[in-house]
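A quick write-up on the structure given underneath.
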Amino acid sequence: MVVGIPLQIMYMGNVTPGGAVAWDLSFATYIGTAGALVFGKGLGATEVIGLAVVFAGIGGLVGQIMWNVSYALNLPLNRVAQRYAKAGETKKMYIPNLVLGQLIGFACRFIPAVIVLTSMTAASGQADFATLIPGWVITALGIFGGMMAALGMGIILSFLLKKKYHIVIFLVGFILVTYFNLSTMAVAVVAIIAAILYYVNVSSQVARREE
């Protein structure tokens, strides 16, 4: 949780405009988290998160490459499906679309992830990888990861906060969590109650106007 959530927030604002393929979120997070857990023994939370950012970059790059490979391998399947469609054999179209497509996805996603994670585990038994990385590098990457997390959250908020009073609502929730040490579940319950009261109040005002 300590490592995975910051990585998820970092990639929260990740977009893929047009045909561009950004770093893969799945590979980045579970390889980054696994790498931090394997090689970050004895380090503090900040250093572990910084180490996770290193492996997340590696995992995201591997995932990006495998996405491109997956796209390339799936192209011939469209022609196979078109041949079945032209021949009127629609019942066989599940073969390229479902069976072969899933096999390609398995080969391009699961197998590379297992290879990377196995290599990381084997390397951890040979040497302490964390000691090979200078402390200032891990600290700098941890700070960079925090900045990326803030950027990702800011991008999400730019889509969610459409009106000025939405900012006030967000700040109230932020203050309740940060300064009053309430859990996000407690704040969510309070928000639901406030939303219901607001809805009932507005509905009653509209009904009175219609009368």
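Read-outs throughout are calculated quantities, based only on the coordinates presented, and are distinct from any laboratory measurement. Because the structure is predicted, anything quoted here is derived from the model rather than measured. A quick note on method: Cβ atoms are made from the backbone with ideal geometry, for glycine too, and the neighbour counts reach across all protein chains shown.
Quick notes on this structure:
- Extension gain, Asn181-Leu197: 0.36 nm per intervening residue step, less the Cα-Cα distance, totals 3.3 nm.
- A simple spin-label model places pseudo-atoms 7 Å from Cα toward Cβ; at Lys92 and Ile155 they are separated by 4.4 nm.
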